[in-house]
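The values are calculated or read from the model by the stated rules, or taken from the named source; none is laboratory data. This is a predicted model, so every value here is computed, not measured. Areas reflect the complete protein model, heavy atoms only, side chains present, ligands, DNA and RNA absent. Shrake-Rupley method; radii C 1.70, N 1.55, O 1.52, S 1.80 Å.
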Amino acid sequence: MRILELKDINREDVAIYYRRTFTAKAVVEIPASSFEIPISFTIETGPLGNKEFILDAFKSNDYPIIPLRKAILQFITTMDAEGKLP
């Protein structure tokens, strides 16, 4: 299983400046097929510059949740480090 991309990334306006909230669709590839799942995630920057990545909501009936959650968070972390998130 791997995450191919995040589609339709929308940044929501939040009154707290150190918190960024997003919605998107994650495209997941498994050996038999690929599918999209809607996700919601938050990136919160701490006072020392450390970032906490929180996967708020997602639903998957086709694949176990724990490995899918870990893969999505890793993909989001990489995208943020590369500056690809709005």
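Counting only protein chains, not ligands or nucleic acids, how are VAL28, VAL14 ordered by accessible area (probe 1.4 Å), most first?
Working: VAL28 0, VAL14 60 Å².
So, going from the largest accessible area down, we get VAL14, VAL28.
The lysines whose alpha-carbon is closer than 20 Å to the alpha-carbon of LYS51, local same-chain residues fewer than 8 away aside, are LYS70, LYS84.
What does the helix-only formula give at 222 nm for the chain: each DSSP H stretch with n ≥ 4 adding -39500 (n - 2.57), the total divided by the residues, and the result rounded to the nearest 500 deg cm²/dmol?
Values: 1 runs with 17 residues, N = 86.
Per the formula, -6500 deg cm²/dmol.
Surface composition of the chain: carbon and sulfur atoms hold 51% of the protein heavy-atom accessible area at a 1.4 Å probe. In the full protein context, the chain carries 65 Å² of accessible surface per residue, based on a 1.4 Å probe and ignoring ligands, DNA and RNA. Taking a straight line from the alpha carbon of LYS59, these aspartates and glutamates sit under 19 Å away, with near neighbours fewer than eight places off in the same chain left out: GLU5, ASP8, GLU29, GLU36.
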